[in-house]
1. Largest first, what is the accessible-area ranking of VAL178, VAL186, VAL156 with a 1.4 Å probe?
2. What figure in square angstrom, to the nearest 10, would you give for the accessible area of LEU236 with a 1.4 Å probe?
3. Tally Lys and Arg at +1 and Asp and Glu at -1 over the other residues with C-beta under 11 Å from the C-beta of ALA183: what net charge comes out?
4. Ranked from the most accessible area to the least, with a 1.4 Å probe and all protein chains present, what is the order of ASP197, ASP151?
5. Using the Cα centre as the reference, give the magnitude of the dipole from point charges on the C-beta atoms of the range 111-213 (Lys, Arg: +1; Asp, Glu: -1; all else neutral), rounded to the nearest 20 debye.
6. GluC sites (Glu not before Pro), restricted to the range 60-153: which are DSSP loop and have at most 16 other Cβ atoms within 10 Å?
7. Under a 5 Å amide H to amide H cut-off, with H placed in plane at 1.01 Å, what residues pair with TYR138 once short-range neighbours are removed?
8. Taking amide hydrogens as modeled 1.01 Å from N in the peptide plane, which residues meet the under 5 Å criterion relative to TYR281, leaving out close sequence neighbours?
Amino acid sequence: MATKSRTTRTAPTSHAGMEMSGDALLERNLPQLSRSMTFAKMVLANTRAIPNFKDLGWLFPRVCHRRDQASLTDTERSRYLCAFELINNDGTLGQLVDIHSEMHMQHTNARLLPWHRVFLYLFEEALHNYHPDVCVPYWDWTRSGEQHFPDWLAGVLPTVHTPTRTISVIRSPGPDGVLASIAAGVPGALSKNNYTDFSSPINGIHGSVHVWVGGTMSDASVSPADPVFWMHHANLDRLWWQWYNSPQGNHQNPPLTGADAIMDPWTYAEADVRNIAALGYKYT
Ligand SMILES: [Cu+2]
């Protein structure tokens, strides 16, 4: 005979996990990270106390505003670097670097943008474990004022321990004019009216900027160890979102089917990452 229905609610689940709580999501995707405890997590764990707080909006912002790195205050830059250092120290960053070094067919094809959208999302969730209000800044190298390596990062050369090795970040940025000529291909890409014609040049521009920064960034087996990696990819993700919402982009999605549409090693499908609002962030 069937038992009575339970009174306890089970955690929300979805095939992709996008509706899971932040903790459950991290437990599933980055188990090492979920064991750390922050003030925000302690408050969440003690749900009976939450009504005693008047406004927790500041502690758990609903939407992450990813902003142009050039517009951040010194304090905001420090907070990004502080959160980066904390997820480096707890091993999360190293796990992400090793995942990126594996073969997941995430480069030079239509998976580049959706795969790295998930990658950025997990990185940002990890940052939120320490600083719930820190979002990934984007480095808009399409703007003439940002066609040089961001000054505030020049002296930031972390050492990252992954489960398999130790990486000492190095760089050798090329001439500013070369970065400008790489970025000059963006308007043409944005003008295309199907995903493949848009994403193919973006794929090339993506790689050229990696090579332009040089050193760690030019080697896909270690590149996410450089904090600028995430800001570069946030800019690509932003350009994709801009094209997607343009008349010529017309909400067209990557032509991915079957296993190609699953962003392994995670379970997220391409369809799960089409709407950045559903992932809890926006570009400002
Ligand atoms: Cu990559």
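The values are calculated or read from the model by the stated rules, or taken from the named source; none is laboratory data. No experiment lies behind these values; they were computed from the predicted model shown. Cβ: placed from backbone, ideal geometry, glycine included. Neighbour counts: every protein chain shown. Please note that ligands, DNA and RNA were not included when accessible areas were found on the heavy atoms of the full protein model with its side chains. Shrake-Rupley method; radii C 1.70, N 1.55, O 1.52, S 1.80 Å.
1. Correct descending sequence by accessible area is VAL178, VAL156, VAL186.
2. 0
3. Details: positive: ARG143; negative: ASP140, GLU146, ASP176.
Neighbourhood net charge equals -2.
4. Largest accessible area first, the list is ASP151, ASP197.
5. On the way: 6 positive and 8 negative charges, 72 e Å.
Dipole of the range 111-213, to the nearest 20 debye: 340 debye.
6. Details: sites: GLU76, GLU85, GLU102, GLU124, GLU125, GLU146; in loops: GLU102.
Counting only loop positions with at most 16 other Cβ atoms within 10 Å, the GluC sites (Glu not before Pro) in the range 60-153 are GLU102.
7. ARG67, ASP68, GLN69
8. Counting only residues 5 or more places away or on other chains, the set is CYS64.
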